[in-house]
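The values are calculated or read from the model by the stated rules, or taken from the named source; none is laboratory data. All of these numbers come straight from a predicted model, not from anything done at the bench. All Cβ positions, glycine included, derive from the backbone under ideal geometry; neighbour counts span all protein chains shown.
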There are 2 protein chains.
Amino acid sequence: MSIRFWILSLALLPFFPVAALGAASGQPAVDPAVLGRIRDVAMQDVWAYQHLAELTDEIGPRLSGSTGLEAAIVRIAAAMKEVGATVALQPTKVPHWERGVETADVVEFAGRSTGLNQHLHLAALGDSGATPANGLTARVLVVHSFEELSARAKDAQGKIVVFNMPFDQRLADNGYAGEAYGQAGEERFVGPSAASKLGAVATLVRSVGDAQYRLPHTGATEWDAGQTPMPAAALAAEDAQLLDRLAAAGPVSVHLTLTPRHLPDAESANVVAEWVGREHPEDVVVVGGHLDSWDLGTGAIDDGAGVMAAAGVIETLARLGLHPRRTIRFVAFTNEENGGRGGQAYFAAASKQPGKTVAAIECDLGAGRALGVQAAVNSNSMEKLKAVTQALSPIGATVLVRREGVVGSDIRPLQLSGVPGFAPLLDARHYFDYHHTAADTLDKVDPENLRSEVATLAVLAYYLAEMPEALARVTVKDEE
Amino acid sequence: MSIRFWILSLALLPFFPVAALGAASGQPAVDPAVLGRIRDVAMQDVWAYQHLAELTDEIGPRLSGSTGLEAAIVRIAAAMKEVGATVALQPTKVPHWERGVETADVVEFAGRSTGLNQHLHLAALGDSGATPANGLTARVLVVHSFEELSARAKDAQGKIVVFNMPFDQRLADNGYAGEAYGQAGEERFVGPSAASKLGAVATLVRSVGDAQYRLPHTGATEWDAGQTPMPAAALAAEDAQLLDRLAAAGPVSVHLTLTPRHLPDAESANVVAEWVGREHPEDVVVVGGHLDSWDLGTGAIDDGAGVMAAAGVIETLARLGLHPRRTIRFVAFTNEENGGRGGQAYFAAASKQPGKTVAAIECDLGAGRALGVQAAVNSNSMEKLKAVTQALSPIGATVLVRREGVVGSDIRPLQLSGVPGFAPLLDARHYFDYHHTAADTLDKVDPENLRSEVATLAVLAYYLAEMPEALARVTVKDEE
């Protein structure tokens, strides 16, 4: 209560008309005092966490096609209107896949029926095919690399192929969580498709991510065009290791039942909320996250926190009554997790609008403390961005790092078209402990960390929208 | 291979006939060089881990009445015979309770149907009653203490009572894991019985233990004599917190289905394996752990590691060809988790045998590194035990701590009858992260830590069986 009152008081203070300050005057292009005020107000933010709590507690999981995602779209649109933004829905069809029964038991070990209960913990991968309703039984082939799969290609016929590739937590601990995810993630992204081509009957992948709590980590897998999806699931790390140990000692059979369903594409939408620019309203800085989530948890860190931190940019500027030169456009993307249709629909619509997208920011790497800014820009643009991390130095978000690739999957089409792309740099050491699991819940979000994300995004978005001259366009590599 | 060869070579070395050394001679009561040799051989042990791996991988969960427990009894008896011990089964009936369907969903929030998917993660408590087959729906009453339950006694009528008492991980981190378990465990031990008396229709308790991975921790709950068991389950910590937050904002209803079954008592047995004493074979040092486990995981740390470390005492002495003055009796207790019938049956049988039990050691606090020895003995016996921790100092198990209560639930009847009781002191900081959960699996056991347990138990058991005079009997408090 007192914090809110104090913030409201702040918002009523007069301040300098920053538009009057420009690079040409010899003063900084954007007034550091204004950036500081944005930072400080954002660091008192209660709005983003409150809305995240409502999203995750009262709505819950938000997979494409679900009633949860529909409810979330309605709610975030209403919240942005209440803040004072101009809100529109941007309809798009999205894939509709639903999890069904998922069980697996070791039924044969070393050539004999176990007669025992050794249940495996697993979760179907998004877009997995189904087994027969009463399941299938097959011997397992455990591999530890794609090279091993190739070498044992003939053995895969008729088998359940198990990929047991561990996640390298050391990389994550050292600030390379994305790299660790990309490395171990190969088995999930393309393992099932590869195994299917060799005649396997199903694929089980070790969960991507660390933390050993018998927790399966779901996620998308990729099929070739025209390929029929095979039954594919993520095993808890413990279960992948168990099958590996058992298979080393003799033949192992698993009875596997997966009954997910592919349904017709569903209606969905991006929520687009504008904070109109005072000089060039047609030119836009995009700041967004994705509203959809996987179905196992409540998507608090992936990406409830990110989308609410991005929404908090407009809420912060509204509180301060601050309109930068250009428009800041918040986008709550739909269907990031299993299709990317939201990002595609946004790009298609933006391409038809007058004006240009001068920058795009995506926040989708959890809810850790903000450490700075990642910028996919030309190297000679980096100097101009130092004012952002300087303004953030009192909260420790001082790192400014240049990237040469895509920094967010929803803004990928924008980045590939030449738009400078940004993402906050977050503490992601433990992101992949919870990512895509049932344990992605509100309690994983520290409100103070979320405030640091709001502050980082707000200072960055305001700066990019306020700079007298927009940053140069850039050519980036098509990899994350 | 080379390790095993080295151990075999060691076993062939001649050594001093330690029986010739005694306190009266002015030399130590038990030759420190022999204790050192036991320690060193145990620290090379591969037998205990190998048998633990077979128990957990090839057999799996071992709840009383299950085929898993039956298979485990056969296997450990065979293993002890192979080592050279004299093996007998000690039959006893055990309770037979089986988990069924267990689901729970939030179906009403703030007075309106949610229409959304907010599934709770839970596991029935052992001895829980069942709901109707199609479940029951009721409003929840969340309480944070037994005082609050008493104050809101009238509100409990017809409700699902939810106990949300957090586990104090700081206590566990500081070496008081047992105290943290006892404190938070009250809600599980007696909460359902208390709520049932107030007219509640079911009870959900927050899982006892830390680690936030949406993991329910099962365990036993206690009913008064003649009380009909009500439906009772442990919620994942996340779900207890969710219900607490939702209930703070308005009425919440949950649809709960639990269909466990109570079956007639099953046949089971303790496995008793003797390593016969050379001077007083009728006098016995008991060293044991429990062979049964909860049904969610494979009972690697509770108590596969403990029972195999205890079995490793005889295996180590057999490898060295060492028989102390008195008999060392390994006991693989049955039914520790949900009845304690194994400990009772052992005590009843021992009471009818000639000779006396001079000490009892139980190993049932996980698979952490051994830090020393806990002794429930008279204070003037403590001096005599220093030789044990001195012999263990090269492996860091140097702490010798006196306890005034019961140090193991299976040896409780022995301790209450006056027998000095012992337990290894283990690093249990993370024991309750996994205890009674699906994540209690082999990968949680570091083979080196298990060796430190074997070494601690072997040195302690040998010393107690070899001392010229047995320790004085002791009166302990009936609390753990």
Members of region A:149-158 that are over 12 Å from A:K197 (Cα atoms) and surrounded by 14 or more Cβ atoms within 10 Å (Cβ to Cβ): A:R152, A:D155
Residues being under 23 Å from B:E383 (Cβ atoms), modelled with pLDDT under 95 and not in a loop (DSSP other than H, G, I, E, B): count how many of those fall in region B:20-46. 3
Would region A:107-114 turn up any residue that is surrounded by fewer than 22 Cβ atoms within 10 Å (Cβ to Cβ), acidic (D, E) and either touching a Phe, Trp or Tyr at 6+ places or on another chain (Cβ under 7 Å) or not assigned by TED's automatic domain parsing to the domain that holds A:E222 (or both)? no
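Among the candidates A:D168, A:D155, single out the residue that is in the same structural domain as A:A220 (by TED's automatic domain parsing), of a type outside the set (S, T, N, Q) and in contact with a Leu (Cβ under 6 Å, 6 or more places away or on another chain). Can you show your working first?
Values: A:D168 fails: in contact with a Leu (Cβ under 6 Å, 6 or more places away or on another chain).
Being in the same structural domain as A:A220 (by TED's automatic domain parsing), of a type outside the set (S, T, N, Q) and in contact with a Leu (Cβ under 6 Å, 6 or more places away or on another chain) holds for just one of A:D168, A:D155, which is A:D155.
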Considering residues of region A:432-473 that are of a type in the set (D, E), within 14 Å of chain B (Cβ to nearest Cβ) and touching a helix residue (DSSP H, G or I) at 6+ places or on another chain (Cβ under 6 Å) only, the residue surrounded by the most Cβ atoms within 10 Å (Cβ to Cβ): A:D440
Would you tally the residues in region A:201-219 being among the hydrophobic types (A, V, I, L, M, F, W, C), at pLDDT below 95 and either surrounded by 24 or more Cβ atoms within 10 Å (Cβ to Cβ) or over 21 Å from B:A236 (Cβ atoms) (or both)? 1
Considering only region A:63-161, give the strands (runs of 3 or more DSSP E) lying wholly within it that have at least 3 residues that are more than 24 Å from A:L258 (Cβ to Cβ). A:86-98
For region B:414-431, indicate whether the set of residues that are of a type in the set (S, T, Y), touching a residue at least 12 places away in the same chain (Cβ under 8 Å) and surrounded by 19 or more Cβ atoms within 10 Å (Cβ to Cβ) is non-empty. yes
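Does A:L457 fit the bill of being in a helix (DSSP H, G or I), hydrophobic (A, V, I, L, M, F, W, C), within 29 Å of A:R99 (Cβ to Cβ) and not assigned by TED's automatic domain parsing to the domain that holds A:G185?
no
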Checking the condition of a type in the set (S, T, N, Q), modelled with pLDDT of 95 or more and within 24 Å of the chain's Cα centre (by Cα), which residue from B:S150, B:S128 passes? B:S128
Just need a number here: residues in region B:209-235 that are closer than 19 Å to B:L256 by Cα, part of a loop (DSSP other than H, G, I, E, B) and within 14 Å of chain A (Cβ to nearest Cβ). 5
Those residues of region B:410-431 which are in a loop (DSSP other than H, G, I, E, B) and either away from every other protein chain (no Cβ under 14 Å) or within 17 Å of B:G289 (Cβ to Cβ) (or both) amount to B:D410, B:I411, B:S417, B:G418, B:V419, B:P420, B:D427, B:A428, B:R429
Looking at B:A249, B:A195, can you tell me which residue is farther than 24 Å from B:D302 by Cα and within 14 Å of chain A (Cβ to nearest Cβ)? B:A249
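Does region B:198-208 hold any residues that are within 13 Å of another protein chain (Cβ to nearest Cβ) and either outside any loop (DSSP other than H, G, I, E, B) or in contact with a Phe, Trp or Tyr (Cβ under 7 Å, 6 or more places away or on another chain) (or both), and which are they?
The one that is within 13 Å of another protein chain (Cβ to nearest Cβ) and either outside any loop (DSSP other than H, G, I, E, B) or in contact with a Phe, Trp or Tyr (Cβ under 7 Å, 6 or more places away or on another chain) (or both): B:R206.
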How do the strands (runs of 3 or more DSSP E) wholly within region B:246-313 filter down when requiring 2 or more residues that are assigned by TED's automatic domain parsing to the domain that holds B:A438 and either over 22 Å from B:W97 (Cα atoms) or small (G, A, S) (or both): which remain? B:261-275, B:280-290
Reported set for region A:52-72 where residues are of a type in the set (A, V, I, L, M) and surrounded by fewer than 23 Cβ atoms within 10 Å (Cβ to Cβ) is A:A53, A:A71
